[in-house]
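Peer 1: The structure that follows is given in the form of C-alpha cells.
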Amino acid sequence: MIDLSELRLSFGERDIFKSVSLRVEDNERVALFGINGAGKSTLLKVISGEQHPDGGAIALGRGEVIGYLAQTAAEATAEAGISVFEFACRAFEDLQKAHARCEEIEHRMADMSATDEEYEEYGHLHDRLAVAGGWSFESEAATVLAGLGFTQEMQHRELASYSGGWRMRAALAEVLLRRPTVLLLDEPTNHLDLESIMWLESHIKSMAASVLFISHDRSFVDNLAHRIVELELGGARAWPVPYTKFRAEKALWLETLKNAYDRQQNDIAQAERFIQRFKATSTKSSVAMSRQKQLDRVERIELPPEVDKVALRFPAPPDSGAYPFILRNVAKSYGDKKVLENVEISINRGEKVALVGVNGAGKSTLLNLLAQKFPPTSGELGIGAKTEIGLFAQYDDLPEEEFDRPIGDILYDAAPGGTPRTRVRTLLGSLLFSGDDADKPYRVLSGGEKARVRLGLLLLRPNNVLLLDEPTNHLDLATREAMVEALKAWPGTLLFVSHDRLFTQDLAGRILAVGGGRVVDWPGTYSEYLAIAGDGDAPGLAHLKDFDARRSGAEEAAKKEAAQKARAREEASRKDAQAKAEAERARTAPAAKPAPIDREAQKEERRRRKRLEELEARIEAIETDLAALDARMAAPGFFDDHDASSKALAERNRLVAEQESAWAEVGQLEG
C-alpha cells in the first residue's frame with residue numbers, strides 16, 4: 001500500500017508538487033500520467049526514497065519491499081566481471097548468505113565440530129530458506145531472465161558487454177526478483193520486444209504488489225492499469241477508469257471546467273467594474289468595499305496548461321517503380337551464425353509492412369539489408385527504380401561530432417540545398433522546439449527530444465520508402481499518435497519494426513514474421529496475423545514451424561465460410577422471389593371478404609402508444625436531470641472534491657446512456 005498526503009516539492013523557484021495526495025491500495029495497479037515536467041519520474045523517486053520532499057507525508061504498509069526501476073537503471077549495470085545471471089541473483093543476496101552459512105555449518109556437522117547453537121541456527125536457516133523459496137531462487141532467476149528475452153547462453157555472458165537496452169532488461173529482472181510488494185516502474189517497456197512486454201504484463205498481474213508505473217505504451221497501460229492518476233497544476237487527480245475511457249472523461253471534464261471558468265471570469269469582471277465605479281462615492285463606497293471582500297474570498301478556477309501538439313507531415317513521395325524491393329534467395333550470416341536464409345519476398349509500392357519477431361530474430365538485419373547498409377551474404381537484393389530511402393535506425397544515433405552542435409544547424413545542414421532557414425525553424429516548431437530551443441546542443445536533449453530531432457531529419461527530405469526501426473521509443477503518447485496519423489496519410493512505402501502493438505495494428509496491412517532464419521509472409525492486419533499465430537503469442541514466432549499449415553487451415557475455413565454465406569444469400573434470394581410471387585398472386589386474386597377486427601392487434605397498438613408516452617416522459621425527465629447536473633458541475637470549486645466529481649461524471653454517463661437507450665426504443669416502436 002502507498003499513501004501520499006499533501007506532498008510538496010520545489011526545485012529553486014519552480015513548484016513541482018504543491019499538494020500531491022495519492023493512495024494505491026494493495027494489489028492495485030495505477031498508471032501515472034502528466035505532461036513533460038509534471039513530476040512523474042520525480043514522484044517515483046520520492047516514494048522510493050531517492051528524493052526527499054519539502055513537506056507532506058509518505059506512508060507505506062508495514063514490511064513493504066520496494067522495487068524501483070528508473071529510466072537510468074542501465075547506468076548501474078556497467079560493472080565489469082559479472083554475468084547477467086549473477087547480477088539478477090543479487091536480488092537474493094540474503095538468501096545467498098543463508099545458503100553459504102548453511103554450507104559452512106554442514107561442513108562442521110560433517111566433522112562433528114558443530115556446536116549446539118550452530119545446530120539450532122542451521123534449523124532456523126533451513127526453515128527460512130524453505131519458506132522464502134531459497135532452494136529454487138536460481139531457477140526463478142533463469143525463468144525471469146528468459147521471460148525478458150535472455151537465452152540460457154546470454155544469461156552467462158558478461159553484463160557489461162551488452163547495450164544499454166539489454167542492461168535495462170537485466171535491471172528490470174533484478175527488480176522483479178526482489179519480490180517487491182510496492183513496484184515502481186518508469187518506462188519499463190522502452191527496450192522490450194513484443195513477447196517480453198506480454199510476458200511482463202502477465203508477470204506483473206501475478207504479483208501481490210501495489211504497482212505505480214509510467215508508460216507511453218497504450219496497450220501496456222490498458223492491459224495493466226485499474227485507473228489513471230494525472231499530475232497537473234502541482235496536484236494529483238484520480239480518474240477511476242482505464243486509459244481508453246480516460247481521454248473522453250477528461251475531455252468532458254475540461255469542457256465543463258472551461259465553461260465554469262468563463263462564467264467566473266465574467267462574474268469577476270462585473271464585480272470589478274462595480275467596485276471601480278462606486279468605491280469613491282459616498283453613498284455606495286461601503287457596498288463596493290463589501291463586494292471587494294467577497295471577491296477576495298472567491299476561490300479562482302485554474303485551468304490546466306494547454307498541451308502543445310506535435311504536427312507531423314511527411315513530404316509527398318516522389319514517383320518510384322512498382323516494386324521498391326525484390327529479394328531472391330537472400331541469406332545473411334555473421335560468421336557461422338545464419339540470421340536469414342532463402343528469403344523470397346517482394347514489396348509493392350505503397351504497402352505498409354510490419355516486421356515482427358523476438359529480439360535477435362533478424363528484423364533489424366532485414367531492415368538494414370533493405371537500407372543497403374551491408375550486402376547479403378548470398379542471393380539477390382533488387383532495389384526498384386527511383387527508390388529514395390529514409391531510415392530511422394533504433395541504435396544509430398547522430399555522429400559524436402554532432403552532439404555539441406545546435407539542433408537548428410544540424411537540421412539545416414541535412415536539408416536539401418536551397419531550403420530556407422525559416423522552413424527549418426517551422427519544422428522545429430512542429431516538433432515542439434520553439435524560440436531559443438533551436439540553439440540547444442543535441443547532447444543536452446532528453447531521449448524523447450533526441451528522437452524528435454532524428455524524426456525531423458526524415459521530415460526534411462522527400463523519400464518514397466521509409467524504413468523505421470522502433471520509431472516510437474522515447475516518444476510520448478501524443479507524438480506517437482501524431483506519427484500514426486501522419487504515416488496513415490502518407491502514400492509512400494513503409495516497412496517498420498515496433499514493439500507498440502497499437503502502432504502496429506493501426507498501420508500494418510501486411511506482416512512479415514521473422515525467426516529461425518525464415519521470413520513468413522502474412523498479407524493481412526496484425527490482429528488477423530495473431531489469430532493465426534495462435535496462443536496469444538505476440539509475434540507468433542514459436543509457431544513459425546507450423547504457421548503455414550495454420551494459415552492454410554484458416555484460408556480453407558475462410559473459403560468455407562464464404563461458400564456458406566453465398567448459399568445463405570442464394571436461399572434468401574429464393575425466398576424473397578417466392579414471397580414476391582405470392583404477393584403478386586394475392587394482388588391479382590378476387591377481393592376477399594373484409595377481415596374480422598383483430599382485437600389483439602388493437603390491444604398491442606394501445607400498449608405501443610402507452611409505452612411511447614412513457615418513454616417520451618422519461619426522456620424529458622432525463623434532459624431536466626442532465627441540465628441540473630451540468631449546472632452543478634459548472635459551479636466554482638465543484639471539481640475540488642474528487643470523489644463527488646467522479647460520481648457526478650459517472651451519473652452523467654449513466655443518464656446519457658439511458659437517454660440513448662430510450663431514444664433507440666422509441667425508434668423501434670415508431671418503425
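The values are calculated or read from the model by the stated rules, or taken from the named source; none is laboratory data. Computed from a prediction, not measured in an experiment: that's the story for all the values here. Virtual Cβ from ideal backbone geometry, glycine too; neighbours counted across all protein chains shown. Note: areas computed on protein heavy atoms with side chains; ligands, DNA, RNA excluded. Shrake-Rupley method; radii C 1.70, N 1.55, O 1.52, S 1.80 Å.
Peer 1: So what is the accessible area of the stretch 315-415 per residue, in Å², with the probe set to 1.4 Å?
Peer 2: Working: 4960 Å² over 101 residues.
Using a 1.4 Å probe on heavy atoms only, each residue of the stretch 315-415 averages 49 Å².
Peer 1: I would also like to ask the following. With an 8 Å Cα cut-off and a minimum separation of 6 or more residues, compute the relative contact order for the stretch 280-362 in percent. Before the final figure, lay out each step's value.
Peer 2: Values: 50 pairs, mean separation 16.7, N = 83.
Averaging sequence separation for qualifying contacts and normalising by length gives 20 percent for the stretch 280-362.
Peer 1: Quick one: accessible area per residue over the stretch 15-59, 1.4 Å probe, rounded to a whole number of Å²?
Peer 2: On the way: 2020 Å² over 45 residues.
On a per-residue basis, the stretch 15-59 sits at 45 Å².
Peer 1: Additional query: Return an integer: the convex hull volume of the alpha-carbon atoms of the stretch 362-429, in Å³ per residue. Could you put the intermediate results ahead of the total?
Peer 2: Values: hull volume 9.5 nm³, N = 68.
Convex hull of Cα atoms, per residue: 140 Å³.
Peer 1: Still on this model: In Å, what Kirkwood hydrodynamic radius results for the stretch 303-346 from the alpha-carbon pair distances?
Peer 2: Working: mean 1/r = 0.0649 Å⁻¹.
That comes to 15.4 Å for the stretch 303-346.
Peer 1: Let me ask something else about it. Rounded to the nearest 20 Debye, what is the dipole magnitude of the chain about its Cα centre when Lys and Arg each give +1 and Asp and Glu each give -1 at the C-beta?
Peer 2: Values: 88 positive and 108 negative charges, 716 e Å.
Charge dipole, the chain, about its Cα centre: 3440 debye, nearest 20.
Peer 1: Hey, another quick one. If you add up the charges near Ala98, with Lys and Arg at +1 and Asp and Glu at -1, over every other residue whose beta carbon is less than 12 angstrom from its beta carbon, what do you get? Each step should come with its number before you reach the end.
Peer 2: Values: positive: Lys97, Arg101, Arg128; negative: Glu93, Asp94, Glu103, Glu104, Glu121, Asp127.
Net charge in that neighbourhood comes out at -3.
Peer 1: Using the Cα centre as the reference, give the magnitude of the dipole from point charges on the C-beta atoms of the stretch 444-505 (Lys, Arg: +1; Asp, Glu: -1; all else neutral), rounded to the nearest 20 debye. Write down the numbers at each step before the final one.
Peer 2: Numbers: 7 positive and 7 negative charges, 31 e Å.
About 160 debye.
Peer 1: Count charges around Ser290 for me, please; just the other residues with Cβ under 13 Å from its Cβ, Lys/Arg as +1, Asp/Glu as -1.
Peer 2: Details: positive: Lys279, Lys284, Arg291, Lys293, Arg297; negative: Asp296.
Result for the neighbourhood of Ser290: +4.
Peer 1: Rounded, prolate or oblate: which fits the chain when a ≥ b ≥ c are the square roots of the eigenvalues of the alpha-carbon gyration tensor, with rounded for a/c under 1.5 and prolate only if a/b beats b/c? Don't skip to the end; give the middle numbers.
Peer 2: Numbers: a/c = 1.43, a/b = 1.13, b/c = 1.26.
Since a/c stays below 1.5, the shape of the chain is classed as rounded.
Peer 1: Here's a follow-up. Applying a 10 Å radius around every beta-carbon, put 417-423, 288-294, 320-326 in order of their mean neighbour count, most first.
Peer 2: 320-326, 288-294, 417-423
Peer 1: FRET efficiency for Ile383 and Asp404, Cβ-Cβ distance as r, R0 = 35 Å, nearest 0.05?
Peer 2: 0.50
Peer 1: To continue, here is another question. How high is the FRET efficiency from Ser661 to Ala577, r the C-beta distance, R0 45 Å, rounded to 0.05? List each step's numbers first, then the result.
Peer 2: On the way: r = 38 Å, r/R0 = 0.83.
Efficiency, rounded to the nearest 0.05: 0.75.
Peer 1: Using a cut-off of 20 Å between alpha-carbon atoms, which lysines can reach Lys386, once sequence neighbours fewer than 8 places away in the same chain are excluded?
Peer 2: Lys352, Lys373
Peer 1: Under 15 Å from the Cβ of Ala489, count the other residues' Cβ atoms, weight Lys and Arg +1, Asp and Glu -1, and hand me the total. Working shown, then result.
Peer 2: On the way: positive: Arg313, Lys352, Lys488; negative: Glu481, Glu485, Asp506.
Local net charge: 0.
Peer 1: In straight Cα distance, which lysines are under 25 Å from Lys575, not counting same-chain residues fewer than 8 positions off?
Peer 2: Lys559, Lys560, Lys565
Peer 1: Looking at the P(r) of the stretch 68-222, how many percent of alpha-carbon pairs lie beyond 19 Å?
Peer 2: Values: 6969 of 11935 pairs.
For the stretch 68-222, the fraction of Cα-Cα distances above 19 Å is 58 percent.
Peer 1: Once all Cα-Cα distances of the stretch 115-206 are split into 10 Å bins that start at 0, what whole-number percent is in each one?
Peer 2: 14, 41, 25, 13, 7, 1
Peer 1: Near the amide H of Ala236, under 5 Å away, which other amide H atoms are found, from residues 5 or more places off or on another chain, if H is placed in the peptide plane?
Peer 2: Amide H to amide H, under 5 Å and 5 or more residues apart or across chains, Ala236 pairs with Ser21.
Peer 1: Assuming 0.692 mPa s and 37 °C, estimate D for the stretch 207-316 with Stokes-Einstein, Rh taken as the Kirkwood radius over Cα pairs, in µm²/s. Write out the running numbers ahead of the final one.
Peer 2: Details: Rh = 18.3 Å.
Answer from the Stokes-Einstein relation: 179 µm²/s.
Peer 1: For Ser285, Ser527, give me the order by solvent-accessible area with a 1.4 Å probe, most accessible first, ignoring ligands, DNA and RNA. If you can, show how the numbers build up before the last one.
Peer 2: On the way: Ser285 30, Ser527 65 Å².
Heavy-atom accessible area, descending, gives Ser527, Ser285.
Peer 1: For the stretch 243-298, give the percent of accessible area contributed by carbon and sulfur heavy atoms, probe 1.4 Å, rounded to a whole number.
Peer 2: Details: 1890 of 3920 Å².
With neighbouring chains kept in place, the figure for the stretch 243-298 is 48 percent.
Peer 1: A further question follows. Would you mind giving the three semi-axes, in whole Å and largest first, of the ellipsoid equivalent to the stretch 1-72 according to its Cα gyration tensor? Please report the intermediate quantities before stating the final value.
Peer 2: Working: eigenvalues 80, 40, 29 Å².
Listed largest to smallest, the semi-axes of the stretch 1-72 are 20, 14, 12 Å.
Peer 1: At a threshold of 8 angstrom on Cα-Cα distance, excluding pairs fewer than six apart, so keeping six or more, what relative contact order does the stretch 1-130 reach in percent?
Peer 2: Working: 105 pairs, mean separation 27.5, N = 130.
RCO, the stretch 1-130: 21 percent.
Peer 1: Then there's this: Express as a percent, rounded to the nearest 5, the fraction of DSSP beta bridges in the chain (both residues included) that run antiparallel.
Peer 2: 50
Peer 1: Do any GluC sites (Glu not before Pro) in the stretch 247-304 lie in a DSSP loop with no more than 16 other beta carbon atoms within 10 Å, and if so, which?
Peer 2: On the way: sites: Glu249, Glu255, Glu272, Glu299, Glu302; in loops: Glu299, Glu302.
Taking the stretch 247-304 and a limit of 16 other Cβ atoms within 10 Å, the loop GluC sites (Glu not before Pro) found are Glu299, Glu302.
Peer 1: Any chance you could list P(r) for the stretch 4-127, counting all Cα-Cα pairs in 5 angstrom bins from zero, rounded to whole %?
Peer 2: 2, 8, 13, 14, 12, 10, 10, 10, 8, 6, 4, 3, 1, 0
Peer 1: Holding the Cα-Cα limit at 31 Å, pick out from Lys332/Lys440; Lys363/Lys450; Lys40/Lys363 the pairs that are longer than that. Show your work: numbers first, answer last.
Peer 2: Numbers: Lys332/Lys440 41 Å; Lys363/Lys450 23 Å; Lys40/Lys363 33 Å.
Where the Cα-Cα span goes over 31 Å, the pairs concerned are Lys332/Lys440; Lys40/Lys363.
Peer 1: I would also like to ask the following. Which shape class, rounded, prolate or oblate, goes with the stretch 397-535 when its Cα gyration tensor gives a ≥ b ≥ c as root eigenvalues, a/c under 1.5 marks rounded, and past that a/b bigger than b/c marks prolate? Walk me through the intermediate numbers first.
Peer 2: Details: a/c = 2.32, a/b = 2.14, b/c = 1.08.
In terms of gyration-tensor shape, prolate.
Peer 1: Label the stretch 331-453 by shape, choosing from rounded, prolate and oblate, from the square roots a ≥ b ≥ c of the eigenvalues of the Cα gyration tensor; if a/c is under 1.5 it is rounded, and otherwise prolate applies when a/b is larger than b/c, oblate when it is not. Don't skip to the end; give the middle numbers.
Peer 2: Working: a/c = 2.62, a/b = 1.95, b/c = 1.34.
Because a/c hits 1.5 or more and a/b exceeds b/c, the stretch 331-453 counts as prolate.
Peer 1: Filter the chymotrypsin sites (Phe, Trp or Tyr not before Pro) in the stretch 359-414 to those in DSSP coil with at most 12 other Cβ atoms within 10 Å of their Cβ, and list the result. Show your work: numbers first, answer last.
Peer 2: Working: sites: Phe392, Tyr395, Phe403, Tyr412; in loops: Tyr395, Phe403.
For chymotrypsin sites (Phe, Trp or Tyr not before Pro) across the stretch 359-414 that sit outside H, G, I, E and B with at most 12 neighbouring Cβ atoms in 10 Å, the list reads Tyr395.
Peer 1: So, with +1 on the Cβ of K and R and -1 on the Cβ of D and E, and no other charges, what is the size of the charge dipole of the stretch 307-355 about its Cα centre, to the nearest 20 debye? If you can, show how the numbers build up before the last one.
Peer 2: Details: 8 positive and 6 negative charges, 16 e Å.
That gives a dipole near 80 debye.
Peer 1: Relative contact order, percent, of the stretch 412-501 when contacts are C-alpha pairs under 8 Å separated by at least 6 residues? Numbers along the way, then the final one.
Peer 2: Details: 60 pairs, mean separation 26.5, N = 90.
Once normalised by length, the contact order is 29 percent.
Peer 1: Which residue, chosen from Asn463, Thr72, Leu125, occupies the Cα position most advanced towards the positive end of the dipole of the chain, where the dipole is computed from +1 (Lys, Arg) and -1 (Asp, Glu) charges on Cβ about the Cα centre?
Peer 2: Result: Asn463, furthest along the dipole toward the positive end.
Peer 1: Now for a separate question. Can you give the calculated 222 nm mean residue ellipticity of the chain, where each DSSP H run of n ≥ 4 adds -39,500 (n - 2.57) and the sum is split over every residue, rounded to the nearest 500 deg cm²/dmol? Walk me through the intermediate numbers first.
Peer 2: On the way: 21 runs with 320 residues, N = 671.
Using -39500 (n - 2.57) per qualifying helix, the result is -15500 deg cm²/dmol.
Peer 1: Specify which residue in the list Asn359, Phe246, Gln265 is farthest towards the positive end of the charge dipole of the chain, using unit charges on the beta carbon of Lys, Arg (+1) and Asp, Glu (-1), about the Cα centre.
Peer 2: So the residue we want is Gln265.
Peer 1: Here's another thing I want to ask about it. Which of the lysines could a cross-linker bridge to Lys245, judged by Cα under 16 Å and excluding same-chain residues fewer than eight apart?
Peer 2: Those lysines meeting the cut-off are Lys647.
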